[in-house]
Structure formats: C-alpha cells, structure tokens
Amino acid sequence: MALLDPVPDDDGAPFWEYAARGELRVQYCAACDEPRFPPRPCCPHCQSFDSGWRRMSGRGRIWSFVVPHPPLLPGYAEFAPYNAVVVELAEAPRIRLVGNVVAAADAPLDSVDPARLRIGAAVKAAFTEARDGGLRLPRWLLERA
Amino acid sequence: MPGLKDATAIAGIGQTAFAKQLPESEKTLACRAITAALDDAGIAASEVDAFASYTMEETDEVEIAKAIGAGDVTFFSRVGYGGGGSCATLAHLAAAIATGQAGVGVAWRSRKRGSGPRPWRNTAVQLPTPAQWTRPFGLLRPADEIGMLARRYMHEYGATRDHLFNVALACRNRANQNPAAMMYERPLTRDMYMTSRWISEPLCLFDNCLETDGALACVLVSAARARDCRRRPVYLHSVAQGLPAQHHGMVNYWNDDPLAGPAWTAARQLWKTADFGPEDVDVAQIYDAFTPLIPLSLEGYGFCGRGEGAAFTEGGALEIGGRLPLNTSGGGLSEAYVHGFNLITEGVRQLRGTSTAQVPSAATCLVTAGEGVPTSAVLLRS
C-alpha cells in the first residue's frame with residue numbers, strides 16, 4: 001500500500017511545484033511582506049492579492065510531534081509506530097510544516113527512533129527522490145544525527 | 001435590544017440505547033429519539049415546525065419530518081464542523097423561536113459510528129482540514145491532530161499524563177453511576193490507564209472517546225410555552241458560536257497562539273450575555289472527544305488561567321463534590337460518543353434534578369461543543 005500523495009488545491013500548487021525542484025518555498029505578501037501558511041488568495045494582514053514564494057533555508061525546530069500507532073491506513077500501519085512532526089521554520093517561526101523526521105530523505109517513516117525526538121530539536125529539510133509525475137516531499141533530518 | 005437570554009427553554013429530551021452496534025438504521029434511531037423527546041415534553045409531533053442538526057449527520061429534516069409527522073416546517077438549519085455544532089443547534093433554534101420564525105424546534109443527532117466506518121479511513125475526500133499539508137505525512141486521524149497540540153501543551157505548561165488520567169477517570173466514574181452508559185460496569189484504574197496501548201503518543205486508548213451507535217434529541221420552545229409543558233423548563237441562558245481569527249480546524253498549528261482555540265472565542269461571547277460567570281457554574285458538560293480538550297476548555301471558558309487547566313484537574317476537582325463536576329453522565333469518553341449531544345441532554349437532567357450522578361441543587365450548567373474545531377456552547381439554568 002502506498003502512502004497518500006498530496007492533493008494540491010490552486011493556492012497550494014506552487015508549494016508542490018517548487019518542492020519538485022527541491023526548493024522549500026513559502027508564500028509571502030508582495031505588498032506587506034508577511035509570510036502566510038497555508039497558502040491563500042489574499043493577505044490576511046493587508047488584503048493584497050499579490051504574492052510571491054520565498055525560498056527558505058530549510059532549517060527549523062520541532063514544535064511538537066506525535067507517534068501514531070494502529071489502527072491506521074495500511075500504507076502507514078506497516079511503518080507504525082512512526083513520527084509525525086510540526087516544524088517551525090527558522091526564518092518564519094509562525095510558519096509550521098507537518099512532516100516526518102527520517103534518517104535520510106528517502107528512508108522509511110520509521111527510520112528514526114521516536115525516543116530521539118525532542119521539542120526544540122533542530123532539523124533541516126531534505127526532499128525525497130522524484131516519483132512518477134515529479135512529486136517530491138519535504139522530509140526532515142535531525143541536525144545532530 | 002431583546003436578546004436570547006432565557007427566552008427559550010428545553011422542554012423535552014429523548015434518546016435511544018447506546019451500544020457498539022444497534023440493529024436499527026440511523027433514520028429509525030433518530031425518529032425514536034425525537035418522538036421520545038416530544039413525549040417527554042408533552043408536545044405533539046404535528047406541532048414541530050423547526051429543525052436543527054449539525055454536519056456528519058446522515059439523516060435530514062425532509063425524511064425525519066415526514067416520518068415523525070411534523071407539521072409545516074418554517075425553519076431548518078444545519079451547522080458545520082461536526083462536533084463543534086452540537087450546541088449551535090440550540091442557538092439556531094432559539095434565535096428562530098425568539099424571532100417568531102417557528103414555535104417548536106427539534107435538534108437531534110443520530111449516528112452509527114460504533115458499527116459504521118471511521119471517517120478518517122475515507123481517502124477519497126478532502127476532509128475539511130487542509131489535508132494536503134497533513135495527511136501525506138501520516139497525520140491521519142483526529143487523535144493524531146489533537147495529539148500534536150496535546151504534546152505542545154504538556155511541554156509548555158508542565159502537564160502530565162496524570163492530568164489527562166484525571167479527566168478520563170472523572171468521566172469513567174460518572175459512567176459507572178449511569179446504567180445507560182457504555183462503560184457503566186467498567187471501572188478504570190490508574191494502572192489500566194498507564195499501561196494501555198498507545199493510539200497516538202502522547203495519547204493512549206483511554207484518552208480517546210468511545211465509538212457508539214445511538215441517537216438523541218431535544219425539544220426547544222419559548223420560555224412561556226415551556227412553563228406549560230410536562231417537565232421543569234431548562235432555560236437557554238446564553239448561547240455562542242466561535243470561529244477564532246486565523247483558526248484552522250483540528251490542525252490549528254498555523255497561527256500565533258495555537259493553544260488558544262475556539263473555546264476562547266465562544267466563551268467571550270457566552271459570558272458577555274450572561275448574568276453569571278464561570279465561578280457560578282454548578283456543573284459542566286465539556287466536549288471530550290479527547291482528554292486534552294478538557295484542560296484547554298477549562299482555560300478557554302475561564303474556569304482557570306492560561307496554562308492552569310491541567311493543574312485544575314488535581315485533587316478531585318472534576319468529581320462530584322469537587323470544584324467543577326464534569327460530564328456527569330460519563331461524556332464522550334465513557335457514556336457514548338455521539339458528537340457531544342449527550343452532554344446537552346445530561347445538562348438538562350442535572351437542572352431537572354434527575355441525573356444518575358446528581359450535583360446537589362445544581363442550577364447552572366455549561367455545555368460545550370467540540371474544541372479544536374469551530375465550536376459552540378450554551379449556558380443552561382433552571
């Protein structure tokens with residue numbers, strides 16, 4: 001059983017297009033320069049409809065995490081218990097991305113012992129190899145491996 | 001401006017049995033609960049002219065009205081966000097009745113979640129959460145989504161699993177007094193809690209609500225009409241809905257203060273129109289799909305300060321005789337998980353003096369809907 005692929009909407013599509021190039025980018029308001037996530041049509045701060053996508057360093061910290069156990073969807077159950085984390089980005093701490101801490105970009109979801117995870121731990125983004133259709137997912141590596 | 005304060009009252013409540021599996025359809029169960037509620041009120045089905053329900057409900061007012069023999073219906077409403085809408089059904093009916101749009105309102109919930117499919121297993125639909133940002137990474141179930149907030153809460157405020165156990169235990173103790181509860185004859189110990197299987201660390205089995213088949217209903221009428229009904233009226237003193245600025249349902253990770261959820265917004269509105277405050281609440285029925293929602297809600301509704309919700313649960317505060325007796329029929333954790341509607345009916349029983357875990361001379365009750373999603377709440381008084 002495969003893992004679930006993201007189903008992008010119009011607002012989120014650029015994130016996944018940049019991810020396919022191995023770039024972690026976040027939507028910024030072109031008028032007031034505030035970042036926003038999840039992506040949306042206009043800026044909640046200044047109501048501008050002009051936006052761009054700024055490249056992030058990929059560095060961040062674990063804001064929180066869970067360790068799911070069954071019952072789960074079959075594709076995930078085979079890796080359980082695995083971790084799911086929320087990472088706050090170094091450049092924009094209010095921008096928090098859900099992801100997985102793994103031993104290497106293409107290592108399985110259960111490749112890091114959950115006991116090694118701590119809130120506040122430094123992580124960096126790495127992108128999975130492209131699959132059919134070019135999809136690449138950001139994963140997270142512990143800075144202190 | 002004439003408001004909704006005490007303008008309407010719950011005149012009747014009804015329910016079916018609660019079980020892991022009931023043989024009848026959701027439509028049949030709904031009709032049984034509604035006709036029981038009308039009988040409790042002493043009001044004929046032909047007088048019903050308003051309906052309110054909330055999403056994740058499979059029955060609808062056309063089928064229900066036809067089946068029970070309702071009259072011409074002039075108000076119907078369906079509130080979004082699943083369990084966040086339970087109390088809003090009463091708010092919508094109250095507004096309709098107080099403004100003359102209808103006279104006899106029915107709110108209901110019928111659900112076969114015990115024997116039916118788990119909603120998160122459906123991978124074909126985008127859930128109301130922004131699934132592209134969460135589900136591919138294995139954040140699949142409500143327990144995972146709330147578990148994420150729970151761990152952050154524990155980290156920020158020093159809350160422990162013992163605090164979550166206090167919540168699970170209070171609900172279980174009340175269920176052990178309630179023959180209608182699924183966990184009536186199933187006591188819970190700290191050892192059972194601490195050694196139970198994980199669902200999504202930091203949440204274990206007993207931090208999660210039950211899976212239940214069952215249906216419930218309420219009948220709402222004007223305060224004047226309620227005084228002529230069979231039972232002692234239970235007045236809707238204050239009502240509120242809450243969708244906070246920059247809130248994201250369930251996966252509320254993307255704003256400045258993710259741990260201040262919809263409860264805070266609903267609470268500000270609720271207390272603004274009430275004649276009393278949190279310190280005057282005799283008993284509370286707080287939405288408990290997961291144990292960590294209780295400390296968050298205790299803070300949000302103003303029973304304690306920010307970060308003090310876990311400590312509030314200490315010393316038996318949530319038990320009968322404690323500072324705030326909680327979920328006195330057992331709640332979603334131990335009576336039945338029917339998206340919080342059993343919290344409403346139990347609030348009514350407390351103020352009628354007919355609960356199986358009666359708080360002596362209870363006169364005020366807070367009932368809340370799902371925290372972590374756009375929510376709602378009501379203050380009931382006798």
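Charges on Cβ only, +1 for Lys and Arg, -1 for Asp and Glu, centred on the Cα centroid of segment A:9-55; of A:Cys32, A:Pro44, A:Ala20, which one is farthest towards the dipole's positive end?
Farthest towards the positive pole: A:Ala20.
Once you keep just the Cα pairs under 8 angstrom separated by 6 or more residues, what percentage relative contact order results for chain B?
25
Report the normalised scattering of segment A:9-55 as log10 I(q)/I(0) at q = 0.19, 0.21, 0.27, 0.32 Å⁻¹, calculated by the Debye formula with identical scatterers on the alpha carbons.
With no solvent term, the Cα-only Debye profile gives -0.52, -0.63, -0.95, -1.19.
Which one, A:Gly12, A:Gly134, A:Gly58, has the greatest fluctuation when you compute a Gaussian network model over chain A with C-alpha springs under 10 angstrom?
It is A:Gly134.
Just going by the charge dipole of segment A:57-145, with Lys and Arg at +1 and Asp and Glu at -1 on Cβ, which of A:Asn83, A:Leu72, A:Pro93 is farthest out on the positive end?
A:Pro93
When a footprinting reagent is the concern and you count Cβ atoms within 10 Å, what order do B:Cys365, A:Cys42 take, fewest first?
Numbers: B:Cys365 28, A:Cys42 14.
Ascending number of Cβ neighbours within 10 Å: A:Cys42, B:Cys365.
Give me Rg over Rh for segment B:1-74, both radii from the alpha carbons and Rh done the Kirkwood way, two decimal places.
With Rh from the inverse mean 1/r over Cα pairs, Rg/Rh is 1.01.
What is segment B:328-382 by shape, rounded, prolate or oblate, if you read a ≥ b ≥ c off the alpha carbon gyration tensor as root eigenvalues and call it rounded for a/c under 1.5, prolate for a/b larger than b/c, and oblate otherwise?
The shape class here is oblate.
With a ≥ b ≥ c the root eigenvalues of the C-alpha gyration tensor of segment B:101-193, is it rounded (a/c under 1.5), prolate (a/b larger than b/c) or oblate?
Oblate is the answer for segment B:101-193, as a/c is 1.5 or above yet b/c matches or exceeds a/b.
Each label point is 7 Å from the Cα along the Cα-to-Cβ direction; what then is the distance between the points at B:Met194 and A:Asp10, in nm?
According to this spin-label approximation, the distance is 5.5 nm.
Find, among the GluC sites (Glu not before Pro) in segment A:46-96, those assigned to loop by DSSP (not H, G, I, E, B) with at most 16 other beta-carbon atoms within 10 angstrom. The partial results should precede the final answer.
Values: sites: A:Glu78, A:Glu88, A:Glu91; in loops: A:Glu78, A:Glu91.
Hits after loop and neighbour filter: A:Glu78, A:Glu91.
Keeping to pairs on different chains or 8 or more places apart, tell me how many lysine pairs in chain B have Cα atoms under 12 Å apart.
Final tally of qualifying lysine pairs is 4.
Report, in debye and to the nearest 20, how large the dipole of segment B:96-178 comes out about its Cα centre when Lys and Arg carry +1 and Asp and Glu carry -1 on their Cβ.
That gives segment B:96-178 a dipole magnitude of about 380 debye.
Please report the relative contact order for segment A:57-145, taking Cα pairs under 8 Å with a sequence separation of at least 6, and give it as a percent rounded to a whole number.
29
In square nanometres, what is the average projected area of the Cα convex hull of segment A:57-145?
6.0
At 222 nm, what value in deg cm²/dmol follows for chain B if DSSP H runs of at least 4 each add -39500 (n - 2.57) and the sum is divided by all its residues, to the nearest 500?
Computed ellipticity for chain B at 222 nm equals -9000 deg cm²/dmol.
Let me know the charge dipole size of the protein assembly as shown about its Cα centre in debye, to the nearest 20, where only the beta-carbon of Lys, Arg (+1) and Asp, Glu (-1) is charged.
Computed about the Cα centre, the dipole is about 440 debye.
Taking only DSSP H segments of four or more residues, each worth -39500 (n - 2.57), what value at 222 nm results for chain A once the sum is divided by all its residues, to the nearest 500 deg cm²/dmol? Could you put the intermediate results ahead of the total?
Numbers: 2 runs with 12 residues, N = 145.
The helix contribution divided over chain A gives -2000 deg cm²/dmol.
Kindly provide log₁₀ I(q)/I(0) values, in the same order as q = 0.07, 0.11, 0.13 Å⁻¹, from the Debye equation applied to equal alpha-carbon scatterers of chain B.
-0.27, -0.69, -1.00
If all Cα-Cα distances of segment B:255-301 are sorted into 5 Å bins from 0 onward, what percent lands in each bin, rounded to whole numbers?
Binned Cα distances yield the sequence 5, 18, 29, 27, 14, 6, 1.
For the protein assembly as shown, report the % of Cα-Cα distances exceeding 45 Å. If you can, show how the numbers build up before the last one.
Details: 21932 of 138601 pairs.
The share of Cα pairs beyond 45 Å in the protein assembly as shown comes to 16 percent.
None of the figures in this text is laboratory data; all of them are computed from the coordinates on show. Remember, predicted model here, so these are calculated numbers, not experimental data. Virtual Cβ from ideal backbone geometry, glycine too; neighbours counted across all protein chains shown.
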